[in-house]
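A quick write-up on the structure given underneath.
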Amino acid sequence: MARHSLRRLLGLIPTLLMLITVAFFLMRVAPGGPFDSEKVLPPEIEANLNAKYHLDEPLLTQYFRYLGQVATLDFGPSFQYKDWTVNELIAQGLPISLTVGLTAMILAFVLGTLLGIAAALRQNTAVDYSLMGFAMLGISIPNFVIAPILILLLAVYAGWLPAGGWDWSIASMVLPVVTLALPVTAYIARLTRASMIEVLNSNFIRTARAKGLPESTVIRRHALRPALLPVISFLGPAMAGMISGSVVIERIFSIPGLGSYFVQGALNRDYTLVMGVVIFYGVLIIVLNFLVDLIYAWLNPKVRYDEKY
Amino acid sequence: MGGRDRHVRPVELILTEDGRPVPSVLAQVQELHRNNGEEPQTLDPHLAEGLPSAHILRDLFEGLTAESPEGRIVPGAAIRWNISRDGKTYTFYLRRDALWSNGDPVTAEDFVYGLRRSASPATASNYAKALLPIANAAEVLSGDLPLDELGVVAMDEYTLQISMRDPTPYFLALLTHPVTYPVHRASVLEHGSAFSRPGNLISNGAYILEDWVLRTRIDLVRNENYWNAENVILEKVSYYPFEDRSTALKQFRAGKLDWTFTVPNNQFKWLRKHYPDELVISPWLGSYYFGFNLQREPFIENPGLRRALALAIDRDLLTEKVAQFGEQPSYTLVPPGIRDYVSPIPEWAEWTQAERNTEAQRLYAEAGYSEDNPLRFEIRYDTGQTNKKMALAVSSLWKQVLGVQATLVTEEFKVFLQNREQKVLTQVFRAGWISDYADAYSFLNLFRTGHGGNDYGYSNSLYDALLNEIAAERIPSRRRRLMFEAERVLLAETPFVPVYTYVTKRMVNPRLKGWQSNVMDHHYSKDMFFLKAVGNETPAVEPEEISAVELEDTVE
């Protein structure tokens, strides 16, 4: 297990290198540059800007210069936010995205599994249908529709919560967390329900019941773990998605998280910002998938002893 | 909070003899919450570009000149100035009571340092082109001359002389732009690129930077060392970077904002009905038009065809139904609102749309197109609701009136800009210009042969000669006549289709006064104040502040 973990961690390096290379050249292939705007720059000013940011050097020189920087964990200055370095920008956005993402994830996981189990246990009853009906709604109504409705009801009309903005208060977190958690909750509920039903129909559960165990013990001791397996494997990417920040949620609620750096950075051709965020996400996703594998192994003995999965 | 009681009507404004509000009408809390549209790119005045930075920097710093609420050029850090007969030497006399926020005096050397830093190749200022009228600025920017060759000299501690390359009648307006602001030399040298952070930033304007929570809020508080601090009423100004227009509107409705950057599209009628006192729409110094690529068929050497397209769109319909916010139909390049300049209006602007359509059809047929042989081309525009709707509307009008088959092509902004500049793919494209200073030359220069913004490929030696004459002319009446003539020449060739002139549209707390709509859309927080709400009879201002109403003589 330890050897396997080490190998996975070392595998991170070539993956990242590949990621950096592809992202670096893709950004440069995109038409236009960071200094293009409708107000065209006189050539001497453009030359000064290119020199300042080393954009006048051959692309390969720039690439290796960048690799050297990244090796020292320096992502360079942002083109767009000129008073800040990319490191500072990520350090600013991360705690916020992390707070919103993790809270939403925990909420979605707890609520989703509970609802899923409840629906599975009352399969094909009114409870099941209404829960799954709600889940379907949660999945299919996009959050850019839910968010404005929630803002209008709870912030503008009722005045209970702020309409947007971020000040680290619980009040400013409620709406974004709920909006972000809603579709994931629904998805987890459906996943849990399906796998729970499957598990409940399997032979070892029948055996457990035949032994005369009370139903609650059957669920808790025997059914829950295997039923959660598909949910766990879904958690990895979902978690990365949530922590890296939802562009839509951040924009609607004016939350200064990481997500909008991606879009803004790409649209502005803010090369260093995009690269910094891409690398950061890359590491995050790899690490999270790795953690999910560990949890998976802990939950599922079949994986634990067979490293070839 | 500035606006919880936003719907409460303000008390009537009463002014003292010198035009200041009497203290008894002022609200207790003088804090402005202003949406700035997005995070400013920087608070380093010399690197600044874009509206969000400029809005904040105008509060933080003061240039040699400043603007009154209605947009007139007024003395700023310079109390008066002389312009030499040939218009090429400006001598500024600085006010002796001006201080930096740390108490250091603001001297001519600070301006010399600031302008040199702005022009330095190492600074790489995006907006340094505003300095180009200054003698040797181009050579300094390109690194061919050292910094001290820039035509800016401190004659003594409080006298600054600027030599010009050309007489530049709009130079006093350029001096309100952040790129010309002074910076505090000692703190720039000490903190380097971090000098614009809270705690480090030393400024000479009416406000100082108190806090900057990245992409959350920027707080400014009154600068006690500002020379006119006793007449600055707003104690605190918070700028927010909310990008989503609907969110900003909701924040405004919830009383969290007093001033929005803009308003959501498509909500004009609703806003006008429910917020008639809050919705403020006013002309802006910008033109929206569609450009022709004159280097690509079918628009090379085809002024009649271009004119047909310009005639065939019903601008009243476009402004009323598509733009929707009180934009004015436009028939020229230069928008109205520039002091001392009126554009030559083409004769067809006076016609009815039916007459224009008839003439358009005649020109269209004359150019060799017909129902069986329709004109086909692409209209390119960058992503954005308004652009798309406008392109769609214009293309359907062209189809309806002339039978033109236009294809719409949406492009991401930077791709669009590149295609426009390369002039290979484009045929008809979305274009426009919002000027940084109120002068017609700023618009006319876009069509100069070889100008970086000339994405039309327009080239006319007569026109270029006129532009050169304008640049060298310093007598206002003759310059005005030259600009009029140049615009007439340009419009006669129809290298673009004027559509409308821009407006600014925003929600403003009706209790906020002291500002006025102006075509530059420049609003200084130092001029603003909150009135008490009707029914709020408690005295607003503490007795010692009442004496602040007296104006100093130095303002004159």
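Is it the case that A:Thr113 is touching a residue at least 40 places away in the same chain (Cβ under 8 Å), among the polar types (S, T, N, Q) and either out of contact with any helix residue (DSSP H, G or I) (no Cβ under 7 Å at 6 or more places or on another chain) or surrounded by 14 or more Cβ atoms within 10 Å (Cβ to Cβ) (or both)?
Yes, satisfied.
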Tally up the residues in region A:149-161 that are surrounded by fewer than 19 Cβ atoms within 10 Å (Cβ to Cβ) and either facing chain B (nearest Cβ under 10 Å) or farther than 21 Å from B:Phe242 by Cα (or both), please.
5
Selected residue (only one of B:Ser163, B:Ser238, B:Ser193, B:Ser203 is at pLDDT 95 or above, among the small types (Gly, Ala, Ser) and more than 24 Å from the chain's Cα centre (by Cα)):
B:Ser163
Of the numbered conditions (1) in a helix (DSSP H, G or I); (2) more than 24 Å from the chain's Cα centre (by Cα); (3) surrounded by fewer than 17 Cβ atoms within 10 Å (Cβ to Cβ), B:Lys388 satisfies every one except a single condition; which is it?
(2)
Going residue by residue through region A:125-143, is there one that turns out to be at negative phi and within 14 Å of another protein chain (Cβ to nearest Cβ)?
yes
Residues satisfying the stated conditions in region A:162-215, i.e. of a type in the set (Gly, Ala, Ser), surrounded by fewer than 20 Cβ atoms within 10 Å (Cβ to Cβ) and more than 14 Å from chain B (Cβ to nearest Cβ)
A:Ala194, A:Ser195, A:Ser202, A:Ala208, A:Ala210, A:Gly212
Given (1) over 22 Å from A:Phe79 (Cα atoms); (2) not in a strand (DSSP E or B), number of the condition B:Val179 does not satisfy
(1)
I'm trying to understand the selection: among the residues of region B:423-434, which are buried (at least 23 other Cβ atoms within 10 Å of the Cβ) and not in a strand (DSSP E or B)?
B:Thr426
Please work out if A:Leu89 is within 30 Å of B:Pro45 (Cα to Cα), assigned to a helix (DSSP H, G or I), modelled with pLDDT of 90 or more and of a type in the set (A, V, I, L, M, F, W, C).
yes
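Residues checked against (1) crowded, with 21+ Cβ neighbours inside 10 Å; (2) of a type in the set (Val, Ile, Thr); (3) at pLDDT 95 or above; (4) touching a Pro at 6+ places or on another chain (Cβ under 8 Å):
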{"site": "B:Leu51", "(1), (2), (3), (4)": "no, no, no, no"}
{"site": "B:Arg58", "(1), (2), (3), (4)": "yes, no, yes, yes"}
{"site": "B:Ala78", "(1), (2), (3), (4)": "yes, no, yes, no"}
{"site": "B:Asn82", "(1), (2), (3), (4)": "no, no, yes, no"}
{"site": "B:Thr89", "(1), (2), (3), (4)": "no, yes, yes, no"}
Looking at the structure I just gave you, is B:Glu109 of a type outside the set (Lys, Arg) and either at positive phi or not in a loop (DSSP other than H, G, I, E, B) (or both)?
yes
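Would you mind stating whether A:Gln80 is assigned to a helix (DSSP H, G or I), at the interface with another protein chain (Cβ under 7 Å from one of its Cβ atoms) and in contact (Cβ under 8 Å) with a residue 12 or more places away in the chain?
Numbers: assigned to a helix (DSSP H, G or I): no; at the interface with another protein chain (Cβ under 7 Å from one of its Cβ atoms): yes; in contact (Cβ under 8 Å) with a residue 12 or more places away in the chain: yes.
The answer is no for A:Gln80.
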Could you grab me the full set of residues in region B:398-440 that are charged (D, E, K, R) and within 26 Å of the chain's Cα centre (by Cα)?
B:Glu411, B:Glu412, B:Lys414, B:Arg420, B:Glu421, B:Arg430, B:Asp436, B:Asp439
For region B:300-359, what are the residues that are at positive phi and either part of a helix (DSSP H, G or I) or free of Cβ contacts under 8 Å to residues at least 24 places away in the same chain (or both)?
B:Glu301
Take A:Ala23 and decide whether it is away from chain B (no Cβ under 14 Å), closer than 30 Å to A:Asp128 by Cα, in contact (Cβ under 8 Å) with a residue 12 or more places away in the chain and within 21 Å of the chain's Cα centre (by Cα).
no
Taking into account only those residues within region B:118-175 that are free of Cβ contacts under 8 Å to residues at least 12 places away in the same chain and surrounded by fewer than 19 Cβ atoms within 10 Å (Cβ to Cβ), which is farthest from the other protein chains (Cβ to nearest Cβ)?
B:Pro146
Going through B:Glu12, B:Glu62 one at a time, which residue ends up being assigned to a loop (DSSP other than H, G, I, E, B), crowded, with 19+ Cβ neighbours inside 10 Å and away from chain A (no Cβ under 14 Å)?
B:Glu62
Can you go through A:Asp36, A:Asp56, A:Asp74 and tell me which one is away from chain B (no Cβ under 11 Å), touching a helix residue (DSSP H, G or I) at 6+ places or on another chain (Cβ under 8 Å), within 30 Å of B:Asp455 (Cα to Cα) and charged (D, E, K, R)?
A:Asp56
Return a yes/no flag: does region A:286-308 have any residue that is of a type in the set (Gly, Ala, Ser) and at pLDDT 80 or above.
no
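Residue-wise test of (1) more than 30 Å from A:Pro31 (Cβ to Cβ); (2) in contact with a Cys (Cβ under 9 Å, 6 or more places away or on another chain); (3) among the polar types (S, T, N, Q).
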site: A:Ser202; (1), (2), (3): yes, no, yes
site: A:Met242; (1), (2), (3): yes, no, no
site: A:Leu258; (1), (2), (3): no, no, no
site: A:Leu267; (1), (2), (3): no, no, no
Going through region A:251-271 one residue at a time, which ones are crowded, with 23+ Cβ neighbours inside 10 Å and either without any contact (Cβ under 8 Å) to a residue 12 or more places away in the chain or among the hydroxyl-bearing types (Ser, Thr, Tyr) (or both)?
A:Ser254, A:Ser260, A:Tyr261, A:Tyr271
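The values are calculated or read from the model by the stated rules, or taken from the named source; none is laboratory data. Not measured: the values here are computed from a predicted model. Note that each Cβ is placed from the backbone with ideal geometry, even for glycine, and that neighbours are counted across all protein chains shown.
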